[in-house]
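Data first, discussion second: the structure below is written as structure tokens.
The values are calculated or read from the model by the stated rules, or taken from the named source; none is laboratory data. None of these values were measured; they are calculated from a predicted model. Because the Cβ atoms are built from the backbone with ideal geometry, glycine has one as well, and the counts that use them run over all protein chains shown. For accessibility, only protein heavy atoms count, side chains too; no ligands or nucleic acids. Shrake-Rupley method; radii C 1.70, N 1.55, O 1.52, S 1.80 Å.
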Amino acid sequence: MKKVSLTLCIFFCSLAVPVLAQDTLPPEFNATQQEIYNQLQTKTDTFFMQSRESDTTPRWVQMRNIDIHWRSQDYGDRVYQFLEDYGLSYNITKPTDTLKISKQTQDDLGMTHVTMQQYQQGVSVYGGQLQFHFRPTSDISSIHSTILSNTSAVNSKPALSPQQALQFGYAAIRRELDLTDAVLSAADFHTTAP
């Protein structure tokens, strides 16, 4: 009986390992993204990437001991250097035009966190952030992305006047709160009880 259980365990493990390995493989990358993915795999001791299902933009990247010759000790410069070399994996061609550093902090463990805000034609993209996490050894630990890809087709010029925007906002609030026209009520609070 033990021999059968061991055989079944080995059989199922042999089926599961390739399936588990497939989970870490990228979705259908274009040739440039596949090349960058391969480069990063060879430049780190450990590399894991998870992409969004809707597109191939990396959502979460973890790495250990990446082999990069940093040109600067400044973390902001390091983020831009990384994006210049590997930004095409995020569909970023001009990192200094589309991403601006919005915050840099260091936690109690000595890790430095650099948050970048995405911009399109000078307008901040709501929710579009790229966060780099550096170990105390100055090595990149992970990258978390909520940036939106393919924003170049979005027109950032307003189609409404400020007055029209206010009218639409007031109308939306009224619909949301189910407001009707206001009614003025008067009460005499200065009367004394009998």
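At pLDDT below 65, open to solvent by 90 Å² or more (accessible area, probe 1.4 Å) and of a type in the set (A, V, I, L, M) - does that describe any residue in region 163-183?
yes
Need a quick list: strands (runs of 3 or more DSSP E) entirely within region 53-159 having at least 2 residues that are surrounded by fewer than 18 Cβ atoms within 10 Å (Cβ to Cβ), free of Cβ contacts under 8 Å to residues at least 12 places away in the same chain and not aliphatic (A, V, I, L, M).
99-106, 123-134
Scan region 32-80 for residues that are touching a strand residue (DSSP E or B) at 6+ places or on another chain (Cβ under 8 Å) and either acidic (Asp, Glu) or more than 23 Å from Thr137 (Cβ to Cβ) (or both) and report the count.
Count: 7.
Condition (residue is within 29 Å of Lys157 (Cα to Cα) and among the charged types (D, E, K, R)) applied to region 73-94: is it met by at least one residue?
Yes; the residues of region 73-94 include at least one that is within 29 Å of Lys157 (Cα to Cα) and among the charged types (D, E, K, R).
From the residues in region 1-52 that are small (Gly, Ala, Ser) and in a helix (DSSP H, G or I), which one is modelled with the lowest pLDDT?
Ala21
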